[in-house]
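Following: one structure in structure tokens, then a few remarks.
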Amino acid sequence: MSHLPLLNPWLEDGRRKIRSHCLHQENLLLQSDLPQTNITKYRYVDEDGNIIFGSEACQGTGFILYPGGKVDEHSYEALASLCAEKGIKTFIVSMPFNLAVFDISAAENIINNNQNIQNWYIGGHSLGGSMAASYASTNPDLFDGLILLASYSTEKIPFKVLSIYGSEDM
């Protein structure tokens, strides 16, 4: 975890809240549930329904996050908020039917619409991570790294990969 310290507070402090939240039927992360940071005011939704955390100050690095299968994209707002607080503009992709398999190339529009970002990372949770890895493997020149949350790649990835999983995931 030391390779990506911005995730440490989320993994250590927020695990119980996020896990219990995902089990509730309303499956909506309330703004009040987010970590208390000043970056929360920089949350917005683009015309494609993607949730974006960041500001004009977040210009050097972008992180595109594909949600897990049938997981509401709002579930990842706590993580996106922490990334943005560290200066990483974070895009939580809204997938058709909440399944990344239906829009593997969703990152393409985000990258094309954000030419000011020089360093791109892509990743995802579960099925979303596998689809992000698949897209990254066919477009290796676009990305500086891949972040997998309880996920895996079936393809060879020619750049750095950070894989995060729980002790009961294996």
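At 1.4 Å probe size, with the rest of the protein present, what percent of the exposed accessible area of the stretch 38-170 is carbon and sulfur atoms?
Here carbon and sulfur together make up 48 percent of the probe-accessible area.
Looking at the square roots a ≥ b ≥ c of the eigenvalues of the Cα gyration tensor of the stretch 45-88, which shape do they give, rounded for a/c under 1.5, prolate if a/b is larger than b/c, or oblate?
Cα axes put the stretch 45-88 in the prolate bin.
Classify the stretch 49-170 as rounded, prolate or oblate from the Cα gyration tensor: take a ≥ b ≥ c as the square roots of its eigenvalues, call it rounded if a/c is under 1.5, otherwise prolate when a/b beats b/c and oblate if not.
Note, shape of the stretch 49-170 comes out rounded.
Leaving ligands, DNA and RNA out of it, rank ASP141, ASP48, ASP72, ASP103 by accessible area with a 1.4 Å probe, largest first.
My answer, sorted largest first, is ASP141, ASP48, ASP103, ASP72.
Sort out for me the Cα centre separation of the stretch 118-139 from the stretch 58-96, rounded to whole Å.
One Cα centre to the other: 12 Å.
Once amide H atoms are placed 1.01 Å from N in the peptide plane, what residues at a sequence separation of 5 or more from LEU162, or on another chain, have their amide H within under 5 Å of its amide H?
Sorted by chain and number, the residues that satisfy this are LEU146, ILE147, LEU148.
Where only protein heavy atoms count, and the probe is 1.4 Å, what is the accessible area per residue for the stretch 49-150 in Å²?
With all protein chains present, the stretch 49-150 gives 35 Å² per residue.
The values are calculated or read from the model by the stated rules, or taken from the named source; none is laboratory data. The model shown is predicted, which means the values in this text are computed figures rather than measured ones. Note: areas computed on protein heavy atoms with side chains; ligands, DNA, RNA excluded. Shrake-Rupley method; radii C 1.70, N 1.55, O 1.52, S 1.80 Å.
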